[in-house]
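What follows is one structure encoded as structure tokens, with my remarks underneath.
Throughout, read-outs are computed from the coordinates displayed, never taken from laboratory work. Because the structure is a prediction, the values reported are computed rather than measured. Don't worry about glycine lacking a Cβ; one is built from the backbone with ideal geometry, like all the others, and counts go over all protein chains shown.
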Amino acid sequence: MDLRDMRHFLAVAEEGHMGRAAARLHLSQPPLTRHIQALEEKIGVPLFVRTPKGMQLTDAGRTLLEETPNLLALAQQALERTRLAGQGLIGQLDVGLFGSGVLDVIPRILARFHQERPEVKIVLHNLTKDAQLQALRERRITVGFNRLVPEEAGISVETVLREPMVVAVAASHPLAVRPSLRLPDLDGVPLILYPNVPMRGLAQEVADAFRAEGVPLRVEQEVEDVLTAVALVSAGFGAAITTQSATNLRLPGVVFRPLHSARLKELELSCLYRSGDTSPALRAFLEVVHAFALTPQK
């Protein structure tokens, strides 16, 4: 039974007369009569008793009448939700995140999108870069954020912003009194590098910068995320080169100083998603990302 069947049945049941129901539906009476007869044949039981005065419901007809308004309301709700989903106003957005990205920029983007589209459910997934790329390929996430994302067929990568580099040092370290630091200042200083993952990341960028400037690199620890790196700095294990967003980590005994390096000036934060993905929610989210990227950041 389709929506037209339900509307035709409801009109006849409520009017109790084929002619009045036809007028209400803006139909002539013969087609409506045929529709009702076809509906009864489809269900397999009579829904009306025809009398000289009009149409009386059978027990089966009264049962159907009890259900029809609910069915029509559900159908209308389904149509409305479909329309909203097509406009990106409802649905689900699965977002891939990583360590330092959650410290500043990404939460602000997510908050802005949530303010504009509160009925879209945002589901967060903490994933490494290679895991994000795999999840995008397998359609387990809609969009991701990461740094130093390699080119890959079918994946679009857009720069959201570029973050200056800083050095995290213990407040008691002699370097903490300097207003800024250069790589030669870190000669002999034990460093905590991150992320310790197979795919190229900040750790490799740091190593290449030290090599390019001819400064010996002393690696004390290799860890997976910025929080662990800065926590080790707080504990006195050494220094860590990171991005400005890490300064939002308020760990005791740690200070951050700007890094001046010809090779290691800044690190981009990128948004990645499937090329050609026409999801309305994704397109709406990318509009927020693009607006954010065009806004000067303090």
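Summary table
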quantity: Cβ-derived FRET efficiency at R0 41 Å, ARG4 paired with ALA153, nearest 0.05; calculated: 0.30
quantity: Contour minus Cα-Cα distance for ARG162 and ALA235 (0.36 nm per residue); calculated: 23.4 nm
quantity: Pairwise label distance in nanometres, SER172 with ARG24, each label 7 Å out on the Cα-Cβ vector; calculated: 8.5 nm
quantity: Within the chain, helix-based [θ] at 222 nm, where runs of 4 or more DSSP H residues each add -39,500 (n - 2.57), nearest 500; calculated: -12500 deg cm²/dmol
quantity: Among beta bridges that DSSP assigns inside the chain, antiparallel share in %, nearest 5; calculated: 65 percent
quantity: Residue exposure sequence - VAL233, VAL289 - by fewest surrounding Cβ within 10 Å; calculated: VAL289, VAL233
quantity: Region 98-192: trypsin sites (Lys or Arg not before Pro) falling in loop per DSSP and having at most 16 other Cβ within 10 Å; calculated: ARG139, ARG140
quantity: Surrounding net charge for LEU191, when Lys and Arg each add one and Asp and Glu each subtract one, Cβ distance under 15 Å; calculated: -3
quantity: Between region 94-130 and region 32-87, the Cα center-to-center distance that results, in Å; calculated: 45 Å
quantity: Simple Cβ-charge dipole of the chain, Lys/Arg +1 and Asp/Glu -1, about Cα centre, in debye nearest 20; calculated: 660 debye
quantity: Computed E for ILE122/ARG218 - FRET, C-beta separation, R0 30 angstrom, nearest 0.05; calculated: 0.15
quantity: Option label - Cα extents along the principal axes in Å computed here, alternatives (1) 57, 42, 40; (2) 60, 48, 37; (3) 105, 38, 32; calculated: (3)
quantity: Helix axis angle, 59-86 relative to the chain longest principal axis, alpha carbon, degrees; calculated: 30 degrees
quantity: Pairs of lysines in the chain (C-alpha under 26 Å apart; 8 or more residues apart or interchain); calculated: 4
quantity: Length added when fully stretched, VAL45-LEU79, from 0.36 nm per residue minus Cα-Cα; calculated: 9.3 nm
quantity: Most fluctuating residue given options VAL12, VAL177, VAL189, as computed from a GNM of the chain linking Cα atoms under 10 Å; calculated: VAL12
quantity: Virtual spin-label span in nm between ASN196 and GLU67, 7 Å along Cα→Cβ; calculated: 6.3 nm
